[in-house]
1. Within the range 30-44, take every residue that is assigned to a strand (DSSP E or B) and in contact (Cβ under 8 Å) with a residue 40 or more places away in the chain and give me the one that is surrounded by the fewest Cβ atoms within 10 Å (Cβ to Cβ).
2. Mind telling me which of the residues 27, 50 ends up being surrounded by 11 or more Cβ atoms within 10 Å (Cβ to Cβ), modelled with pLDDT of 95 or more and part of a strand (DSSP E or B)?
3. State which residue pairs qualify: first residue farther than 14 Å from residue 45 by Cα and in contact (Cβ under 8 Å) with a residue 40 or more places away in the chain and inside the range 11-29, second residue surrounded by 13 or more Cβ atoms within 10 Å (Cβ to Cβ) and charged (D, E, K, R) in any location, beta carbons under 9 Å apart, and separation of 6 or more residues or different chains.
4. Here are some conditions: (1) at pLDDT below 95; (2) within 16 Å of residue 4 (Cα to Cα). Residue 18 meets all but one. Which one does it not meet?
5. If a residue must be surrounded by 16 or more Cβ atoms within 10 Å (Cβ to Cβ) and over 14 Å from the mean Cα position of the chain (by Cα), how many such residues does the range 1-24 contain?
Amino acid sequence: MNMTYKAVQDVLRKAGIVISKKGELHRINFFSGLENTAYYTTSLEDALERGLAMARAAERLPASAFAKSRGRPTSAHFG
């Protein structure tokens, strides 16, 4: 895979995942996600794969697992 950061960011955003970068470290999380659901990696490919996996896992959770005001998992842990 040879995607740019911007391309990965666009794919993840459409899946409901946000990515940020500080130096060589990529941080992925749900929109409005807390630190306990964040995942860190130095690999852009890993960030894409893990972000999409997080999005798929969130889709499989029952509605009761989502916070009413934010629409995201309240206790999912990845990493």
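The values are calculated or read from the model by the stated rules, or taken from the named source; none is laboratory data. Since we're looking at a predicted model, the values are computed, not measured. With ideal geometry, Cβ positions are generated from the backbone for all residues, glycine too; neighbour counts draw on all protein chains shown.
1. 39
2. Checking each option against the conditions leaves just 27.
3. Between residues of the range 11-29 that are farther than 14 Å from residue 45 by Cα and in contact (Cβ under 8 Å) with a residue 40 or more places away in the chain and residues that are surrounded by 13 or more Cβ atoms within 10 Å (Cβ to Cβ) and charged (D, E, K, R), the close pairs are 16/72.
4. Every condition holds for residue 18 apart from (1).
5. Of the residues in that region, 0 qualify.
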